[in-house]
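Novice: Below you'll find the structure I mean.
The values are calculated or read from the model by the stated rules, or taken from the named source; none is laboratory data. A quick note: this is a predicted structure, and the numbers were derived from the prediction, not measured. Because the Cβ atoms are built from the backbone with ideal geometry, glycine has one as well, and the counts that use them run over all protein chains shown. The protein model used for the area step is the full one, side chains on, heavy atoms only, and it has no ligands, DNA or RNA in it. Shrake-Rupley method; radii C 1.70, N 1.55, O 1.52, S 1.80 Å.
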Amino acid sequence: MAVPGSLHLQITSASPSAFECRSDPDFFRSSPRPESAGYGRFGCRPGSAGRAVLSSGGLSSLIFRFPPNFVRQLSTKARRNCSNIGVAQVVAASWSNSNGPAPAPSASAASGGGAPSPAAALAGAAAAPAVPALDFVAGEEALAVDGIENGGVVSQDLGTLEASSFLSYDGSLTVHAGERLGRGIVTDAITTPVVNTSAYFFKKTAELIDFKEKRRASFEYGRYGNPTTVVAEEKISALEGAESTLIMASGMCASTVMLMALVPAGGHMVTTTDCYRKTRIFIETILPRMGITATVIDPADVEGLKSALEKNKVSLFFTESPTNPLFRCVDIKLVSDLCHSKGALVCIDGTFATPLNQKVLALGADLVLHSATKFIGGHNDVLAGCISGSLKLITEIRNLHHVLGGALNPNAAYLIIRGMKTLHLRVKQQNSTAQRMAEILEAHPKRVYYPGLPSHPEHQIAKKQMTGFGGVVSFEIDGDLMTTIKFVDALKIPYIAPSFGGCESIVDQPAIMSYWDLSQAERVSYGISDSLVRFSFGVEDLEDLKADVLQALEAI
């Protein structure tokens with residue numbers, strides 16, 4: 001029943017006097033997609049009790065033009081709710097399977113009584129039986145649209161994305177995974193919309209209870225999930241070949257939550273000497289407060305790993321491969337077999353490798369972690385971290401993440417999605433540039449650290465498990481701290497900054513950037529010499545970068 005003083009429209013067919021419409025080509029494809037293929041975590045489901053049905057299979061979108069007074073008749077809040085996905089889009093999606101003939105004119109029009117009034121037109125349209133009803137009630141607190149839930153997000157199940165059989169290569173997955181084959185946001189937009197909300201509503205308490213008892217899939221609170229974030233997670237899962245991915249506010253957030261979730265209080269873990277310093281600090285200073293101890297081994301020390309597994313009840317082996325900043329590599333298959341034989345999990349931080357150069361899960365590891373701030377985001381404009389693996393393990397980590405927070409902002413998720421669409425192009429260019437520059441640098445500095453060089457101690461391991469060797473090279477200048485500073489300052493193209501993996505080249509001197517608070521002796525104990533330089537090659541032209549590096553070397 002309409003609210004007194006408000007306009008109540010029961011729309012049941014496309015009345016020519018109400019609006020005009022035109023058909024666009026099918027957004028997905030001409031034939032319905034099999035149910036077994038799945039639409040990702042969120043898709044469309046059959047309606048009930050005559051409700052409108054949103055179907056991805058064979059979706060033919062309609063673009064509607066409403067009369068000038070239509071929107072003005074809606075309440076302010078109704079218009080605001082509509083604007084999130086568009087009134088016309090709601091109607092188009094709900095009527096996508098109802099492209100029948102135009103309704104017959106009303107009796108008054110047939111008798112020559114002139115154009116029918118809107119009420120008469122709607123009454124005449126009601127005779128067309130095949131079109132579901134949409135209720136627009138102006139003046140109420142919200143716009144009620146049958147078949148549209150949670151502001152345009154229609155949820156079905158919480159399964160993971162199954163990549164379509166026609167996406168066979170990583171380059172295609174970086175562009176389309178998690179999006180073209182079904183995302184939880186009803187829209188004809190090519191790009192995934194940013195859903196800026198901190199909470200999601202339920203129409204009735206019964207819906208909330210169904211959600212709590214897992215009979216109904218939905219979002220609830222922003223810290224627990226967001227439609228834009230889900231797309232980023234599914235895109236990463238598709239690249240990694242993972243059942244599930246959890247994306248968080250930073251790479252360190254992903255590392256720390258993973259460690260606390262999977263290593264029990266009083267437990268033991270194994271890590272390696274060369275790794276990101278903040279990860280080492282957390283393992284050495286924070287985990288001991290929970291009674292967690294760690295064995296630290298050289299990345300190539302297989303016997304040390306075997307000894308640690310024999311002497312301790314190891315819960316987790318965690319390292320980077322390649323490591324930061326000396327690019328040591330571990331034999332992922334070998335360490336996974338050794339750890340699994342003793343009941344220990346294996347997590348590899350693959351940030352330097354990227355999901356394109358190294359398939360960690362396929363090599364036997366249980367989990368793969370990335371600082372998505374780096375190559376995955378790729379534009380030096382967003383912070384994020386992600387961890388991928390089996391649904392069981394990711395669920396354990398996700399449960400703790402929901403308690404600790406550290407949720408990724410949906411705007412940041414959008415930037416990750418945007419960045420990933422060019423990931424394969426950027427990484428290909430950066431692999432090529434870094435390999436060539438590493439070869440050139442071997443003739444100049446004292447030492448070059450890059451897994452693509454035969455001189456690298458784990459070159460054979462890298463060749464076995466990587467298809468590309470990454471876009472970052474570390475090397476030592478033939479000189480002291482001040483000579484190295486002179487070289488860095490003579491460079492014209494790269495920025496002096498603490499990150500890597502972006503379109504712009506970045507250079508830093510680890511002794512100053514990350515280890516300046518330590519004495520020289522302490523830095524050396526971590527393998528950080530005063531002459532060490534880490535150079536992240538962007539997507540600039542190779543010849544420009546080559547000329548810049550060579551002129552800086554000549555300047556010293």
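Novice: Once Lys and Arg get +1 and Asp and Glu get -1 on their Cβ, which of THR192, VAL346, THR256 lies farthest toward the positive end of the dipole of segment 170-421?
Specialist: Selected residue: THR192.
Novice: Now for a separate question. To the nearest 20 debye, what charge dipole does segment 226-339 have about its Cα centre, counting +1 at the Cβ of each Lys and Arg and -1 at the Cβ of each Asp and Glu? Walk me through the numbers before you get to the answer.
Specialist: Working: 10 positive and 13 negative charges, 80 e Å.
Its charge dipole is roughly 380 debye.
Novice: Which of VAL472, VAL507, SER519 sits farthest toward the positive end of the charge dipole of segment 465-550, with +1 on the Cβ of Lys and Arg and -1 on the Cβ of Asp and Glu?
Specialist: Working it through, the farthest residue towards the positive pole turns out to be SER519.
Novice: Over segment 170-421, what percent of the accessible surface lies on carbon and sulfur atoms, probe 1.4 Å? All intermediate terms of the calculation are to be shown ahead of the outcome.
Specialist: Numbers: 5280 of 9280 Å².
Whole-percent figure for carbon plus sulfur exposure: 57.
Novice: So what's segment 423-555 giving for Rg/Rh, alpha carbon basis, Kirkwood Rh from the mean inverse pair distance? The partial results should precede the final answer.
Specialist: Details: Rg = 14.3 Å, Rh = 15.1 Å.
My calculation puts Rg/Rh at 0.95.
Novice: Here is the link list: LYS374/LYS486; LYS333/LYS359; LYS278/LYS486; LYS278/LYS311; LYS374/LYS421; LYS359/LYS464. Which ones come out longer than 18 Å on Cα distance? Intermediate results must be reported in sequence, preceding the final value.
Specialist: Numbers: LYS374/LYS486 27 Å; LYS333/LYS359 11 Å; LYS278/LYS486 27 Å; LYS278/LYS311 27 Å; LYS374/LYS421 14 Å; LYS359/LYS464 11 Å.
Among LYS374/LYS486; LYS333/LYS359; LYS278/LYS486; LYS278/LYS311; LYS374/LYS421; LYS359/LYS464, the Cα-Cα distance tops 18 Å for LYS374/LYS486; LYS278/LYS486; LYS278/LYS311.
Novice: On to the next question. Can you give the translational diffusion coefficient of segment 452-491 in µm²/s, computed by Stokes-Einstein from the Kirkwood radius over Cα pairs at 25 °C and 0.890 mPa s? Walk me through the intermediate numbers first.
Specialist: Numbers: Rh = 12.4 Å.
So the translational diffusion coefficient is about 198 µm²/s.
Novice: To continue, here is another question. Among the chymotrypsin sites (Phe, Trp or Tyr not before Pro) in segment 478-544, which ones are in a DSSP loop with at most 13 other Cβ atoms within 10 Å of the Cβ? Mind listing them?
Specialist: TRP516
Novice: Continuing with this model, one more query. Using a 10 Å cut-off on Cβ atoms, rank the peptides 347-354, 267-274, 517-524, 253-260 from the highest mean neighbour count down. Before the final figure, lay out each step's value.
Specialist: Numbers: 347-354: 26.6, 267-274: 20.8, 517-524: 12.0, 253-260: 24.0.
So the peptides 347-354, 267-274, 517-524, 253-260, ranked by packing, come out 347-354, 253-260, 267-274, 517-524.
Novice: Note the count of lysine pairs whose C-alpha atoms are less than 17 angstrom apart in segment 203-248, limited to pairs 8 or more residues apart or on different chains. Walk me through the numbers before you get to the answer.
Specialist: Numbers: LYS203/LYS212; LYS203/LYS214; LYS204/LYS212; LYS204/LYS214.
Going through segment 203-248 pair by pair, I get 4.
Novice: Hey, another quick one. Report the charge-dipole magnitude of segment 170-421 in Debye, nearest 20, computed about the Cα centre from +1 at each Lys and Arg Cβ and -1 at each Asp and Glu Cβ.
Specialist: On the way: 26 positive and 24 negative charges, 121 e Å.
With only Lys, Arg, Asp and Glu charged at Cβ, the dipole is about 580 debye.
Novice: Using a 1.4 angstrom probe, figure out how much accessible area segment 293-418 has per residue, in square angstrom, rounded to the nearest whole.
Specialist: On a per-residue basis, segment 293-418 sits at 34 Å².
Novice: Treat every Asp and Glu Cβ in segment 423-555 as -1 and every Lys and Arg Cβ as +1, leave all other atoms uncharged, and give the resulting dipole magnitude about the Cα centre to the nearest 20 debye.
Specialist: Details: 12 positive and 18 negative charges, 105 e Å.
Dipole of segment 423-555, to the nearest 20 debye: 500 debye.
Novice: Shifting gears a bit: How long is the gain from ALA555 to LYS492 if the chain were fully straight, where each residue apart is worth 0.36 nm and the alpha carbon distance is subtracted?
Specialist: So the extension gain works out to 21.5 nm.
Novice: Something else about it: List, largest first, the extents of the alpha carbons of segment 170-421 along their principal axes, each in whole Å.
Specialist: 58, 39, 29
Novice: Pick out, in residue order, every one of the trypsin sites (Lys or Arg not before Pro) in segment 205-261 that is DSSP loop and has at most 15 other C-beta atoms within 10 Å; say none if there are none. Kindly include the intermediate steps, with their values, before the conclusion.
Specialist: On the way: sites: LYS212, LYS214, ARG215, ARG216, ARG223, LYS235; in loops: LYS214, ARG215, ARG216.
Within segment 205-261, the qualifying trypsin sites (Lys or Arg not before Pro) (loop, at most 15 other Cβ atoms within 10 Å) are LYS214, ARG215.
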